[in-house]
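The values are calculated or read from the model by the stated rules, or taken from the named source; none is laboratory data. Please read all numbers here as calculations on a predicted model, not as lab measurements. Every residue, glycine as well, gets a Cβ built from its backbone with ideal geometry; the counts of neighbours run over all protein chains shown.
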Amino acid sequence: MNTREVIRKIIEESKDHYSFSSTQFQCDDVITNKVRAFHFEPEQLHFDETGGMGKEDDVHCTILYGLHMKELEPELVDYMSNVEPFYVTMGNISYFDCDDYDVMKIEVQGNELHNLHNGLKETFENTQSFPEFNPHVTIAYIKKGYNRGLVDNYAFIGNKMLVDKLSFSSRDGDKTVVPFKQAELTLK
């Protein structure tokens, strides 16, 4: 490889913002507005060295992170066109304990969500960092020691949301909406 090819490769690889691509569903307006209504004092929030993290502004639930595909592939679109829309139910507010901060999140429940995660994981090449799928909606990245007792852990319990499409997020952060199979649904 000559110098020009090496530079071109470095530039091409630097376009990726993330190590992998992912799939997620965006939350509806009701859940999104409730998440955005949470108030935090600046000293409660954790920010990384680039100023990122803090309060979540892209309110979503990741279905599968770790996809190797760089761009949306026709096989994923075909796969999703056979998925029936389904409902998920929001649960308690809980936390992931990380070394430098905690992740304040809403638990998301639904068998179909787990089935979709497992189907995608089995069908498409991916790398997983966590052994278990814990579907959730991130509210904020908070500093260690934030008083968890101040939060209404039941604020989201029982809220139902229709999932009828997902967003494919490429390594460079571009998002494409992929609809599920079209079907009539009634709230369960």
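Scan segment 69-90 for residues that are surrounded by fewer than 12 Cβ atoms within 10 Å (Cβ to Cβ) and free of Cβ contacts under 8 Å to residues at least 60 places away in the same chain and jot them down.
Result: PRO74, GLU75, ASP78.
How about segment 94-133: which of its residues are among the aliphatic types (A, V, I, L, M) and either exposed (fewer than 11 other Cβ atoms within 10 Å of the Cβ) or over 21 Å from ASP164 (Cβ atoms) (or both)?
If the condition is that a residue be among the aliphatic types (A, V, I, L, M) and either exposed (fewer than 11 other Cβ atoms within 10 Å of the Cβ) or over 21 Å from ASP164 (Cβ atoms) (or both), then VAL103, MET104 are the ones that fit.
Inside segment 134-145, can you point out the residues that are touching a Leu at 6+ places or on another chain (Cβ under 9 Å) and either buried (at least 16 other Cβ atoms within 10 Å of the Cβ) or β-branched (Val, Ile, Thr) (or both)? Step through it out loud before you land on a result.
Quick first cut of segment 134-145, residues touching a Leu at 6+ places or on another chain (Cβ under 9 Å) only: 135, 140-143.
Residues satisfying the conditions are PRO135, ALA140, TYR141, ILE142.
Tell me the residue from VAL108, VAL88, VAL77 that is under 18 Å from PRO179 (Cβ atoms), at pLDDT 95 or above and touching a strand residue (DSSP E or B) at 6+ places or on another chain (Cβ under 8 Å), please. Walk me through it before giving the result.
Working: VAL108 fails: under 18 Å from PRO179 (Cβ atoms); VAL77 fails: at pLDDT 95 or above.
Result of the check over VAL108, VAL88, VAL77: VAL88.
Using the structure shown, decide if VAL151 is modelled with pLDDT under 90, surrounded by 15 or more Cβ atoms within 10 Å (Cβ to Cβ) and out of contact with any helix residue (DSSP H, G or I) (no Cβ under 8 Å at 6 or more places or on another chain). Show your work before the answer.
Numbers: modelled with pLDDT under 90: yes; surrounded by 15 or more Cβ atoms within 10 Å (Cβ to Cβ): yes; out of contact with any helix residue (DSSP H, G or I) (no Cβ under 8 Å at 6 or more places or on another chain): yes.
Considered against the rule, which asks whether it is modelled with pLDDT under 90, surrounded by 15 or more Cβ atoms within 10 Å (Cβ to Cβ) and out of contact with any helix residue (DSSP H, G or I) (no Cβ under 8 Å at 6 or more places or on another chain), VAL151 comes out as yes.
For segment 2-48, give me each residue that is surrounded by fewer than 17 Cβ atoms within 10 Å (Cβ to Cβ), at pLDDT 90 or above and over 18 Å from MET104 (Cα atoms).
Across segment 2-48, the qualifying residues are ASP28, ASP29, VAL30.
How do the pairs read when you match residues in segment 92-119 that are touching a residue at least 12 places away in the same chain (Cβ under 8 Å) with residues anywhere that are part of a helix (DSSP H, G or I), using Cβ under 7 Å and keeping only pairs 6 or more apart or on different chains?
If the second residue must be part of a helix (DSSP H, G or I), the pairs left are TYR95/ARG148.
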